[in-house]
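The values are calculated or read from the model by the stated rules, or taken from the named source; none is laboratory data. Quantities reported herein were computed from a predicted structural model and do not represent experimental measurements. Neighbour counts run over all protein chains shown; Cβ positions are idealised from the backbone, glycine included.
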Amino acid sequence: MQVKRFFAADMRQAMKLVRDELGADASIIGTRRVAGGVELTAALDYQVPAAPVRQPNPELEVELRKTQSRIASAQAELATRVHSDAGKDRQLFANESIIAPELPASVVRHERPAPVAAAPAMPAVTDQHALDAMRFELHGLRELIEVQLGSMAWGQLQNRRPQQANLWRRLQRMGLSAELSRTLLERVANVAEPRQAWRMLLAHLAHAIRTPQEEPLEEGGVIALVGPAGMGKTTTLAKLAARYVLKYGAQNIALVSMDSYRIGAQEQLKTLGRILNVSVTQEDPGQSLTQALAPLARKRLVLIDTAGLPGNDPALQMQLESLAGRGVKARNYLVLAATSQSQVLKAAYHSYKRCGLSGCILTKLDEATSLGEVLGLAIGQHLPVAYLADGPRIPDDLHVPRSHQLVSRAVSLQAPEEPSEDAMADLFAGLYQSPTRRAG
């Protein structure tokens, strides 16, 4: 038998080391948390020790049968006495010889329970360290089960439905999430021809991307750009303003800045206003947004530049409440950079959805290596894609999106290499976190 210890940052990496070193037949015989990660003990050709056989004890069994017989006879006699004389309950319970006539009085004794306040304090049943260790063990066990289920599901899919497995790989090269990929593949599960299945799958993907029927600038009103710092809100606002001025002139548009946190943000917007000959209003700290917008009521379009604040900043809550106010009637668009990671995009959505989002604007498409993450968020959260920004030029690098063009661009940016078997197994393992989820 070969036994080895493996150290890794998490359980999945440790399992990969076990598979690479000992193969798929290795058995996990121990896990524990260590500094910097987990320690996993695995063995090859490990035989589970048999449970020890309990040897019967005749004397103990005889005594046990006698005690059970005495208890049964005492209960029967007690029931008879209760039926015969219900008014003598106290005397019946006080008579120890009736309850257990053959047992010493010191063994069976009925005493009044002591008051709860006088009872000695019970020792702590659980220890926090023991609970933490138990949680870690359960978490590790769950990860082990998920990894095993994912590997099994991916292997079965490759053997039984190789065409579906190939489509899974292609969608992962595009960067789409497992849930969205599973939904798309369910719609083409009955298409036998591979090329037709791929074309239909892309058509379903394009249909899932929502775009506004009318360009937001054409509708007018109050438009606010929200989102974390670094997503390109101010640059996108400049592109929107320049696009409108070139088409309708500068007399019917105004700019409002709510960003009093970033150094130079107000000067940047004032410079843009001077170039476009557009009025710029700064919201004062003691002034409400409704008061700042009141002098601009006759403007056909008002663009609001907001501060990019982290989700745990109390000032963000105040800003979102101002935008969601009844007197403002703003259409808020979440600005998302296509270069951001999936977790960053999800955190941005959950932080800014409280103000009520009318859609999203995708920026930095020219720097992105994949569009699957940002498209997956827009589809999953039902956010219409209002505009695309793919460069620094104002306003040339701002476009009204077309869903089929977005899909074509996402396909052109797909990764050149196929995802590894371990990556696909991990992907399927994520689908097994809930018993209602199925893959393939």
Review point. Which one of the conditions (1) farther than 17 Å from V411 by Cα; (2) at pLDDT below 90; (3) not aromatic (F, W, Y) does L334 fail to meet, given that it meets all the rest?
Key: (2)
Exercise for review: Report, ordered by the first and then the second residue, all pairs with beta carbons closer than 7 Å, sequence separation of six or more or different chains, a first member in segment 301-329 that is in the same structural domain as A242 (by TED's automatic domain parsing) and within 14 Å of L225 (Cα to Cα), and a second member that is part of a loop (DSSP other than H, G, I, E, B) and of a type in the set (D, E, K, R).
Suggested key: D305/D259; T306/D259; A307/D259; A307/R262
Revision key, fill the gap. Restricting attention to segment 131-188, the residues that are closer than 22 Å to L201 by Cα, of a type in the set (V, I, T) and in contact with a helix residue (DSSP H, G or I) (Cβ under 8 Å, 6 or more places away or on another chain) number exactly 1
Check your understanding: Given the conditions (1) at pLDDT 75 or above; (2) in a loop (DSSP other than H, G, I, E, B), which single one is not true for A410?
Key -> (2)
Check your understanding: Could you count how many residues in segment 21-57 are surrounded by fewer than 12 Cβ atoms within 10 Å (Cβ to Cβ) and either modelled with pLDDT of 80 or more or among the small types (G, A, S) (or both)?
Key -> 6
Study note, to complete from the structure: Here the residues within segment 302-328 that are over 28 Å from the mean Cα position of the chain (by Cα) and at pLDDT 85 or above are V302, L303, I304, D305
Check your understanding: Of all residues in segment 185-204 being aliphatic (A, V, I, L, M) and either within 12 Å of Q164 (Cα to Cα) or outside the structural domain of Q172 (by TED's automatic domain parsing) (or both), which is farthest from the chain's Cα centre (by Cα)?
Key -> A192
Study note, to complete from the structure: The lone condition P228 fails out of (1) under 27 Å from A410 (Cα atoms); (2) in a helix (DSSP H, G or I) is (2)
Exercise for review: Look through R274, R243 and report the one residue that is under 30 Å from G376 (Cβ atoms) and over 36 Å from the mean Cα position of the chain (by Cα).
Suggested key: R243
Exercise for review: Search segment 413-429 for residues being surrounded by fewer than 19 Cβ atoms within 10 Å (Cβ to Cβ) and either among the hydroxyl-bearing types (S, T, Y) or within 30 Å of T211 (Cα to Cα) (or both), and hand back the single one that is modelled with the lowest pLDDT.
Suggested key: S420
Point to revise | Qualifying position, being farther than 23 Å from Y352 by Cβ, modelled with pLDDT of 85 or more, assigned to a loop (DSSP other than H, G, I, E, B) and in contact with a strand residue (DSSP E or B) (Cβ under 6 Å, 6 or more places away or on another chain), among K299, K270 | key: K299
Point to revise | segment 141-192: number of residues that are in contact with a strand residue (DSSP E or B) (Cβ under 9 Å, 6 or more places away or on another chain) and over 30 Å from I29 (Cβ atoms) | key: 0
Point to revise | Selected residue (criterion: surrounded by the fewest Cβ atoms within 10 Å (Cβ to Cβ)) from residues of segment 195-214 that are in a helix (DSSP H, G or I) and among the basic types (K, R) | key: R195
Study note, to complete from the structure: Per the filter on segment 19-31, residues part of a helix (DSSP H, G or I) and of a type in the set (D, E, K, R) are R19, D20, E21
**Study point:** Only listed residue being in contact (Cβ under 8 Å) with a residue 12 or more places away in the chain and buried (at least 18 other Cβ atoms within 10 Å of the Cβ), chosen from A229, A250, A189, A254
**Key:** A254
Review point. Listed residues L276, L272, L320, L316; which is over 14 Å from V222 (Cα atoms), in contact with a Pro (Cβ under 9 Å, 6 or more places away or on another chain) and not β-branched (V, I, T)?
Key: L316
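When you scan segment 215-225, how many residues do you find that are assigned to a strand (DSSP E or B) and more than 32 Å from the chain's Cα centre (by Cα)?
Taking segment 215-225 first, the residues assigned to a strand (DSSP E or B) are 221-225.
Applying the additional criterion that residues be more than 32 Å from the chain's Cα centre (by Cα) yields 221-222.
Total satisfying the criteria: 2.
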Point to revise | Near pairs, Cβ below 8 angstrom, 6+ apart or cross-chain, from segment 7-18 (part of a loop (DSSP other than H, G, I, E, B)) to any residue that is crowded, with 18+ Cβ neighbours inside 10 Å | key: A9/V38; D10/V38; D10/E143
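This table checks each residue for (1) buried (at least 18 other Cβ atoms within 10 Å of the Cβ); (2) among the hydrophobic types (A, V, I, L, M, F, W, C); (3) touching a His at 6+ places or on another chain (Cβ under 9 Å); (4) under 30 Å from T369 (Cβ atoms).
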residue	(1), (2), (3), (4)
L269	yes, yes, no, no
A307	yes, yes, no, yes
P310	no, no, no, yes
P314	no, no, no, no
Q317	no, no, no, no
G325	no, no, no, no
L336	yes, yes, no, yes
K346	no, no, no, yes
